[in-house]
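Shown next, in structure tokens, is the structure this report addresses.
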Amino acid sequence: MTVSQPKSPNAEAYRVLRTNLLFSAVDNPPRSLLVTSSSPTEGKSTTLANLGVVMAQQGQRVVLVDSDLRRPTLHRLFQLPNTVGLTNAAARAPTAAPFMQPTQVENLSVLTTGPLPPNPAELLGSTRFGELLKDLYQHADVILFDSPPALAVTDAPVLARQVDGVLLIIDAGATRRQWAVSAQETLNKVGAKVLGVALNRLNLKGSGYYYYHNYYSDDGSNDGKTKSKRRIQPQGWRRWLPRSS
């Protein structure tokens with residue numbers, strides 16, 4: 001989305017997410033970030049990919065690491081081969097540079113999984129992986145890690161202990177409240193720093209927000225006038241808010 005339709009409202013939403021993450025710790029913004037969810041198909045990989053693009057477009061050197069060593073996705077999103085990658089780097093060097101693949105987006109590289117190991121959690125928690133993470137800092141300003149869902153296997157909590165922050169993805173139309181709470185509790189137990197939640201697939205028709213849409217000309221320039229302004233009526237979006245104690 002952020003590559004093919006950079007002027008769309010959806011792409012702008014990813015830039016808002018980028019800004020919020022950067023300002024989550026103004027004096028010490030996170031250099032490594034784990035993106036996870038409570039369950040599969042909540043959009044964590046798509047969110048990570050688009051977030052990486054908008055960070056790279058800002059001029060930062062970004063490396064996306066596919067650390068979902070069970071069901072990898074990033075190589076398909078960026079149409080890259082996955083014959084070698086993270087597992088090779090952790091086993092051989094450990095150094096990441098020979099295995100990082102450039103993308104069509106300037107400043108953005110991807111470290112795919114490579115061959116899937118029989119023991120993903122053990123590899124991600126190993127000393128060699130820790131050394132590889134230190135090496136990645138030499139090649140990037142920001143490192144974004146994709147991972148399996150936090151409730152499915154132990155991989156995400158293992159990774160969460162080693163990064164600066166965690167972003168939890170929630171599907172507005174599918175994630176149950178208890179799943180989200182359990183995912184946060186699982187991350188908290190290992191001392192992870194959960195920076196916040198990204199609410200994905202939010203239906204604006206039921207969000208209760210005012211939505212203002214500027215139309216752009218073909219070259220992407222704004223004519224300075226708001227062509228459309230409409231109020232979206234609330235329809236129960238408060239059910240997603242945590243209950244107060």
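The values are calculated or read from the model by the stated rules, or taken from the named source; none is laboratory data. Predicted model, so just to flag it, every value in this text is computed and none were measured. Every residue, glycine among them, receives a Cβ derived from its backbone with ideal geometry; neighbour counts consider all protein chains shown.
Considering LEU108, LEU132, LEU136, LEU144, the condition of being among the hydrophobic types (A, V, I, L, M, F, W, C), surrounded by 21 or more Cβ atoms within 10 Å (Cβ to Cβ) and in contact with a Leu (Cβ under 6 Å, 6 or more places away or on another chain) is satisfied by LEU144 alone.
The residues of the range 2-45 that are surrounded by 15 or more Cβ atoms within 10 Å (Cβ to Cβ) and of a type in the set (A, V, I, L, M), listed by number, are VAL3, ALA11, ALA13, LEU17, LEU21, LEU22, LEU33, LEU34, VAL35.
For the residues VAL63, VAL35, the requirement of being in contact with a Phe, Trp or Tyr (Cβ under 9 Å, 6 or more places away or on another chain), assigned by TED's automatic domain parsing to the domain that holds ASN88 and either hydrophobic (A, V, I, L, M, F, W, C) or over 23 Å from GLU122 (Cβ atoms) (or both) singles out VAL35.
Per the listing ILE169, ILE143, the residue uniquely in contact with a Phe, Trp or Tyr (Cβ under 9 Å, 6 or more places away or on another chain), in contact (Cβ under 8 Å) with a residue 60 or more places away in the chain and within 21 Å of ARG18 (Cα to Cα) is ILE143.
Being more than 27 Å from GLU185 (Cα to Cα) and β-branched (Val, Ile, Thr): is that true of VAL35 here?
So VAL35 fails the test.
A count restricted to the range 92-105 and to residues that are touching a residue at least 24 places away in the same chain (Cβ under 8 Å), surrounded by 16 or more Cβ atoms within 10 Å (Cβ to Cβ) and hydrophobic (A, V, I, L, M, F, W, C) stands at 3.
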